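The values are calculated or read from the model by the stated rules, or taken from the named source; none is laboratory data. The shown structure was predicted, so the numbers you read here are calculated from the model rather than taken from an experiment. Counting neighbours? That spans all protein chains shown, and the Cβs are built from the backbone with ideal geometry, glycine included. In case anyone asks, the SASA skips ligands and DNA or RNA and just uses the protein heavy atoms, side chains included. Shrake-Rupley method; radii C 1.70, N 1.55, O 1.52, S 1.80 Å.
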Amino acid sequence: MFILANGETEGLVHMVDNAQGGINHTCNCCGCYCWNLELIKRRKIPRDTLMAVHYLRRTEMDACIGCGACGDIYPVDAVTKQDDLPVVDQDWCIGCGACTGPCPTDAISLEARGQEKPAQDVNTMFERIRRERELLG
Ligand code: SF4
Ligand code: SF4
């Protein structure tokens, strides 16, 4: 718990297997050294090609005081500022939630992106990836 709490304070992304349970792998990633986040940050390959993103950030603008704290957390550079208010690029946000921690007004939440839920466990996740690859040819 100590490592996870530290990671949150440092604005790191808690990366785990993209499954609801039976998690085998976890890592706390930054956008500079993680091969996964860094690839998204470079914008060379579309986010959805690299990662199954099930959630996106939602900002309650009435609650936002424009402090800029969420813009200081930038695992994939999805937040910019316009007239002192945060603007999230929904094409590149990975719904990691790293920006929720420092928000002083709880203006940030995560919203399910669609109906599809992460696989039940890791084996089901790999089976899903295999099927999707087959469909892509
Ligand atoms: S939830 Fe989106 S906007 Fe917030 S830190 Fe993660 S990628 Fe950036
Ligand atoms: S951290 Fe919260 S209050 Fe501050 S700019 Fe971001 S959304 Fe607004």
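Summary table
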item: Ranked by how many other beta carbons lie within 10 Å on average, peptides 71-80, 100-109 from highest; result: 71-80, 100-109
item: Within the accessible area of the chain (1.4 Å probe), percent carbon and sulfur; result: 52 percent
item: Distance (nanometres) between label positions extended 7 Å along Cα→Cβ at GLU132 and MET61; result: 3.1 nm
item: Cα gyration tensor shape of the chain, rounded if a/c is under 1.5, else prolate or oblate by comparing a/b with b/c; result: prolate
item: Cα long-axis angle, helix 122-136 against the chain (0 to 90 degrees, to the nearest 10); result: 80 degrees
item: Rounded if a/c under 1.5, otherwise prolate or oblate - segment 21-74, Cα gyration tensor axes; result: prolate
item: Restricting segment 19-120 to GluC sites (Glu not before Pro) in coil, as DSSP defines it, with at most 14 other Cβ within 10 Å; result: GLU60, GLU116
item: The chain - mean residue ellipticity at 222 nm from DSSP helices (-39,500 (n - 2.57) per run, n ≥ 4, rounded to 500); result: -7000 deg cm²/dmol
item: Efficiency of FRET between THR49 and ASP72 - r from beta-carbon atoms, R0 30 angstrom, step 0.05; result: 0.60
item: Residue-wise HN-Hα coupling along segment 84-98, computed from phi with Karplus coefficients 6.51, -1.76, 1.60 (Hz; x: Gly, Pro); result: 6, 10, x, 10, 9, 7, 5, 7, 10, 4, 9, x, 7, x, 4
item: Relative contact order (%) - criterion: Cα under 8 Å, at least six apart; region: the chain; result: 29 percent
